[in-house]
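Just so you know, all these numbers are worked out from the coordinates, no wet-lab data involved. Everything quoted here is computed from the prediction, not taken from an experiment. Here the Cβ is made from the backbone with ideal geometry for all residues, glycine too, and neighbour counts use every protein chain on show.
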Amino acid sequence: MRTRPWTLGVLGVAAARNLVVGAFDVLLVIMALEALDLGERGPGLLAALVGAGALVSTVVVTVVVRRAHLRPALTAALGTTATMCAVLGLRLGPTAVYVVLPVLGVCLSMMDDLSRMLLQRSTDPRSLGPLFACLGLVGGLGQLVGSAIAQGLLALAGLDAALIGLAGVIVVMAVAGLRPLRRADDHAEVPVVEMTLLGGLPMFQPLPPMMLDAVARSAERIEVGDGTRVVTQGDAGDTFYAVSDGEFDVVMSGELIRTAARGDFFGEVALIADVARTATVTCRGSGVLLCIHGDPFLVAVTGHDASRAAAVAHVDGLCFDDGMIPGDDDGPLAGT
């Protein structure tokens, strides 16, 4: 944090988000039992409304993370959270609750996902472990402080004033964090092109945005000349390739199996099945590849259930029982 002080802005967003979570752990109970008279199941119902908003946020985050700048979305989420708390304080009732709480769920989930993403993009990868540990500590402290603020305001002024006071605290934290948050966004390394290309591949499509961002940041872009042999059948395989530009001939035992163009890929079978290269791939003309080495590829693919299932299904669809790769008559792709 001494060398990259803008990380404090990102940690501030995380603190604000968790402060709201801690406050609402208290406020939702009072809201359900006293203000709305929903009975003993009321707190669970209100928490479910927040959770429903969090589910919706997945779609929003997936779109936002493909953009070059995350600060506008984070700022909007902070501002909307403060506004929703103020609306509840001023117009507390069933209609307001059923509208506001899902919106709060969207904003809180967005702040969690996007603050982690921005921290990942604006920090030296070697420092991410300690910083994410710090993020967890800030989150826990934020929830404790939020709970204390909520209980104090409830005791002093009641539920309506507590909600408005919470809105004021969020506004103060948002204003204080604007400058460092802007600097973090300016220093972010954004793999937009890589995320777009990799996000269209079957084994990466199921990945959550943060995991897709991480594997995209690990990709190395290389330019390949005409006739360059990228992989050779029988060699050990330690790299996955996605075609960013150009055409690459995939040849197995002297037979042309297919030509990989932009949006296609090769090198996956050797990594997933732990076998030697099953084909030779040569560049036709000039081309550009995204290369992902074995460790980050396998961490991404095997670290997520849906992605692992998609990768295994893909390899199973390519391979005969004897381990050979089918031609075009048996499937759309041949692996390497």
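For this structure, a couple of remarks:
- Cα long-axis angle, helix 305-318 against the chain (0 to 90 degrees, to the nearest 10): 20 degrees
- C-alpha long axis of helix 71-90 to longest principal axis of the chain, angle in °: 30 degrees
- Distance histogram for segment 192-318 (every C-alpha pair counted, 5 angstrom bins, percent rounded to whole numbers): 2, 12, 22, 25, 21, 12, 5, 1, 0
- Most positive-pole-ward Cα, 206, 22, 166, against dipole of the chain from beta carbon charges: 166
- Cα gyration tensor shape for segment 57-146, rounded if a/c is under 1.5, else prolate or oblate: oblate
- Cut-off 13 Å between beta-carbons: net charge of the residues surrounding residue 32, Lys and Arg +1, Asp and Glu -1: -3
- Placing a label point 7 Å from the Cα of residue 33 along the Cα-to-Cβ line, the residues of segment 121-153 whose backbone N sits under 14 Å from it are 151.
- Each helix, a run of at least 4 DSSP H residues, gives -39500 (n - 2.57); summed and divided by the residues of the chain, these come to -20000 deg cm²/dmol at 222 nm.
- Highest GNM mean-square fluctuation among 209, 130, 72, for the chain modelled with Cα contacts below 10 Å: 130.
- Within the chain: Cβ-based charge dipole about Cα centre, in debye rounded to nearest 20 (Lys, Arg +1; Asp, Glu -1): 1760 debye
- Spacing of the two label points (7 Å from each Cα toward its C-beta) at residue 309 and residue 176, in nm: 4.5 nm
- Segment 135-156 and segment 1-74 have Cα centres spaced 13 Å apart.
- Helix 42-64 vs. the chain, principal-axis angle (Cα, 0 to 90°, nearest 10): 40 degrees
- Distance between modelled label sites at residue 132 and residue 41, nm, 7 Å Cα→Cβ extension: 3.9 nm
- Springs join every pair of Cα atoms under 10 Å in this Gaussian network model of the chain, and among 258, 71, 217 the largest mean-square fluctuation is at 258.
- For segment 255-268, 3J(HN,Hα) per residue [Karplus equation, 6.51 cos²θ - 1.76 cosθ + 1.60, θ = phi - 60°, Hz, x = Gly/Pro]: 10, 6, 8, 6, 10, 8, 10, 3, x, 9, 7, 7, x, 6
- Counting every C-alpha pair in segment 7-186, the share spaced more than 21 angstrom apart comes to 47%.
- Of the residues 117, 195, 252, the one that moves most in a GNM of the chain with alpha-carbon contacts below 10 Å is 252.
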